[in-house]
Amino acid sequence: MKLIKNYQSPNFNNRKRGKPVYIIIHYTALKNYKEALLYLCDKRKKVSSHFLINQNGYIYNLVNLNKRAWHAGTSYWEGNRDINSMSIGIELDFSSNKDNNNFSKKMIKSLIIILKKLKKKYKIKSQNILAHSDIAPLRKKDPGVKFPWKKLNKNNLVYYPNEKIRFNVKLIKKWFTKNKLVTRKKMCLFMLGVIGYNTIDINSNYSYGKLVRAYQMHYLQSNMSGKFDEITLKFMIKHFLNILLTKN
Ligand SMILES: [Zn+2]
């Protein structure tokens, strides 16, 4: 894997924490990678990422990994709000309504290679490879519903709940009720909070819908209802139990 370093972004500063613990996946929402390179390296735009991968699988390294690139914006995960200080940002040359509206095989192949390297180098956990929409569900929807999370999981790179876990729905619901989680919304927010999502800033049905949709974009791409329906509930319980059983 060759990193291309002839484009350097001026948009970075010092990390406020030590080594990165998260990797955040983005798409550029721009026409092509050339436009993206100009954008991410323009001082006036005040945004950047550590890497940009184009449709041909070329990997551009725009910001030194020791530095804090500006890709996450206002965000939250597991109680942390300065995600830029704690993460590596990877932009993919993709836009849902332009010619580059597919994640090409070459692009994903390069992404797999770089994720492997970064995970090994920084000992980053699979659970900590996240979508921009996971950490900013009210503002962002990248890398979107087409992003191949399952394929990356098959390569042992990202987390995906074990769907084979068996449980008794009635028993779980009873436990929720016992713990004063009496509405479906309360159950949903409780589980998403344990998983890592920001549930503190959910103060309307609109924001609640956005959060559920962000969850579905990552884990339930075949069920993009934006509603906390029965399929989502059952899947999320599995996810929640997986997390409880694996958290130390
Ligand atoms: Zn993004």
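Taking amide H positions as modeled 1.01 Å from N, with prolines and chain starts lacking one, the residues under 5 Å from Arg68 and 5 or more places away or on another chain are Asn13, Asn14, Arg15. Please state the shape class of the stretch 3-154: rounded when a/c is under 1.5, otherwise prolate if a/b exceeds b/c and oblate if not, all from the C-alpha gyration tensor. Note, shape of the stretch 3-154 comes out rounded. Taking amide H as placed 1.01 Å from N in the peptide plane, Ile23 has its amide H under 5 Å from the amide H of Ile88, Ile129, Leu130, each at least 5 places away in sequence or on another chain.
Rounded to the nearest 20 debye, the dipole magnitude of the stretch 3-154 is 520 debye, with +1 charges on Lys and Arg beta carbons, -1 on Asp and Glu beta carbons, and the Cα centre as origin. The phi torsions of the stretch 103-117, fed into the Karplus equation with coefficients 6.51, -1.76 and 1.60 and a -60° offset, translate into couplings of 8, 5, 4, 4, 5, 5, 4, 5, 4, 4, 4, 6, 4, 4, 4 Hz, rounded to whole numbers, with Gly and Pro shown as x.
Taking R0 as 41 Å, what's the FRET efficiency between Asp229 and Lys106 from their Cβ-Cβ distance, rounded to 0.05? Here the calculated transfer efficiency is 0.70. A Förster distance of 45 Å, applied to the separation of the beta-carbon atoms of Asn56 and Lys19, puts the FRET efficiency at 0.90.
Over the chain, what is the percentage of antiparallel beta bridges among all DSSP beta bridges, to the nearest 5? So the antiparallel bridges amount to about 35 percent of the total.
Which of the three applies to the stretch 171-210, rounded, prolate or oblate, going by the alpha-carbon gyration tensor with a ≥ b ≥ c and a/c under 1.5 meaning rounded? It is prolate, given that a/c is not under 1.5 and a/b is the larger ratio. In summary, the lysines within cross-link reach of Lys178, defined as a Cα separation below 21 angstrom excluding same-chain residues under 8 places away, comprise Lys170, Lys186, Lys234, Lys238. Rounded if a/c is under 1.5, else prolate if a/b is larger than b/c, else oblate: which is the stretch 187-248, with a ≥ b ≥ c the root eigenvalues of its Cα gyration tensor? Cα axes put the stretch 187-248 in the oblate bin.
Only the Cβ atoms of Lys and Arg (+1) and of Asp and Glu (-1) were treated as charged; on that basis the dipole of the stretch 169-246 about its Cα centre amounts to roughly 360 debye. Each Lys or Arg adds one and each Asp or Glu takes one away; over the other residues whose Cβ falls under 10 Å from the Cβ of Arg68, this sums to +3. Dipole of the chain computed with +1 at Lys/Arg Cβ and -1 at Asp/Glu Cβ about the Cα centre; of Phe94, Leu3, Asn179, farthest Cα towards the positive end is Asn179. Mean sequence separation of contacting Cα pairs (under 8 Å, at least six apart), scaled by the length of the chain, corresponds to a relative contact order of 20 percent. Kindly list the residues of the stretch 204-248 that lie in the label zone of Lys170, defined by a backbone N under 18 Å from the point 7 Å along the Cα-to-C-beta vector. Within reach of a label on Lys170, which here means backbone N under 18 Å from a point 7 Å along Cα→Cβ, the stretch 204-248 contributes 234. With the charge dipole of the stretch 145-234 set up from +1 on Lys and Arg Cβ and -1 on Asp and Glu Cβ about the Cα centre, the Cα lying farthest toward the positive end among the listed residues Gly196, Asn168, Leu157 is that of Asn168. Within the shell defined by Cβ-Cβ distances under 14 Å, the residues around Ile135 carry a net charge of 0, with Lys and Arg each +1 and Asp and Glu each -1.
Across the stretch 209-225, computed HN-Hα scalar couplings (Karplus, 6.51 cos²θ - 1.76 cosθ + 1.60, θ = phi - 60°) run x, 5, 5, 4, 5, 4, 4, 5, 4, 8, 10, 9, 5, 8, 9, 8, 7 Hz from first to last residue, x flagging Gly and Pro. With θ taken as phi - 60° and the Karplus curve 6.51 cos²θ - 1.76 cosθ + 1.60 applied, the whole-hertz 3J(HN,Hα) list for the stretch 170-187 is 4, 5, 5, 4, 4, 4, 4, 4, 4, 9, 6, 9, 8, 9, 4, 4, 5, 4 Hz, x standing for glycine and proline.
With the cut-off at 22 Å, tell me which of the pairs Lys16/Lys140; Lys125/Lys180; Lys173/Lys227 have Cα atoms farther apart than that. Lys16/Lys140; Lys125/Lys180, as the Cα separations exceed 22 Å there.
None of the figures in this text is laboratory data; all of them are computed from the coordinates on show. Remember, it's a predicted structure, so these values are computed and weren't measured experimentally. All Cβ positions, glycine included, derive from the backbone under ideal geometry; neighbour counts span all protein chains shown.
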